[in-house]
1. Using 0.36 nm times the number of residues separating ARG118 and ILE62, minus their current alpha carbon distance, what extension gain do you get?
2. Amide H to amide H, which residues 5 or more places from PHE143 or on other chains are under 5 Å from it, using H placed in the peptide plane?
3. Could you list which residues have their amide H under 5 Å from that of VAL96, counting only those 5 or more apart in sequence or on another chain, with H placed in the peptide plane?
4. If I model a spin label as a point 7 Å beyond the Cα along the Cα-Cβ vector, how far apart are those points for ASP102 and ARG15 in nm?
5. So what J values fall out for the stretch 161-175 if you push phi through Karplus, 6.51 cos²θ - 1.76 cosθ + 1.60 with θ = phi - 60°, rounded to Hz, Gly and Pro as x?
6. By count of other Cβ within 10 Å, fewest leading, how are THR208, THR80 ordered?
7. Could you please rank LEU81, LEU56, LEU69, placing first whichever residue has the fewest other Cβ atoms within 10 Å of its Cβ?
8. Kindly write out, for the stretch 98-104 in residue order, the coupling ³J(HN,Hα) from the Karplus curve 6.51 cos²θ - 1.76 cosθ + 1.60 (θ = phi - 60°), rounded to whole Hz, with x marking Gly and Pro.
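Read-outs throughout are calculated quantities, based only on the coordinates presented, and are distinct from any laboratory measurement. Every value quoted in this text rests on a predicted model; they were computed, and no experiment measured them. Here the Cβ positions follow ideal geometry from the backbone for every residue, glycine too, while neighbour counts run over all protein chains shown.
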Amino acid sequence: MAPNPKLPDASEQARALESRYGWLEPELVIELAAERFFPDEIAAVSSFGADSAVLLHMIAAIDRSLPVLFLDTYKHFGATLDYRDALVTDLGLTNVIAVEPDPVALAARDPKGDLNRRNPDACCALRKVEPMNRAMAPYGAWFTGRKRYQASTRSQLAVFEESDGRIRINPLAHWTPADIEGYMYTNDLRRHPLVRHGYLSIGCQPCTSPVEAGQSARSGRWAGQDKTECGIHITPAGVVRAASAGMGTG
Ligand code: SF4
């Protein structure tokens, strides 16, 4: 019997899904989740970053109208916004939704647009966590493009996991950099233009740096700070969960 997304215990449901389907190839995970487990109540969250094209290409092959949430913090590189538009056209995605900060909260809490320098956690809360919480309300499950190799905080990442009472699905969790590169090459996917300049994990412009050869991709995010995640995947107690930390956009 297909898992029931209405079940109150999402943790139990995620464990059952992981045990039964966590080993499947990403395309099959996406197809099962979108068409059988969570039809009409699943979205994807994409940063349109360094290797976002892989997950989005797989989704487009199954359902081009699946909602794709793009967290527009108003702090992105212009190159990311251009890349988003070009990739959406390439893949024929028809339901990309920009998720934006609340304008009233933005004016009150970051009137000069410099909160990222003074308090990056508060900035992420304002520009990422709160908008994403609002945007996720209609959905029982979501896809991310996170991989285990991206950071030590993601080394135990499951394909199916619970997040705030929803099922978060990371179809590419066990893929390697070679898998990603092979898929990009085989499918001739458009590349984010900043990757060739050393940006291997791309978020907001003020908080993203290029990385040196041999460094982890995520080391270019909030470089020089203790911060490693945007906060969307931090527990209510403020702890980054080892098995579920971070998101495709974080
Ligand atoms: Fe603000 Fe930086 Fe977080 Fe973006 S990544 S929301 S600019 S602190």
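1. 15.9 nm
2. Residues meeting the amide H criterion: ALA43, ALA44, VAL45, ILE169.
3. Long-range HN contacts for VAL96: VAL68.
4. Placing both labels 7 Å along Cα→Cβ, they lie 3.5 nm apart.
5. Once θ is set to phi - 60°, the couplings for the stretch 161-175 become 8, 8, 8, 6, x, 10, 9, 9, 10, 10, x, 9, 3, 8, 6 Hz.
6. Details: THR208 22, THR80 26.
Lowest to highest Cβ neighbour count: THR208, THR80.
7. Ranked by crowding around the Cβ, least crowded first: LEU81, LEU69, LEU56.
8. In residue order, the calculated couplings are 7, 9, 10, x, 5, x, 5 Hz.
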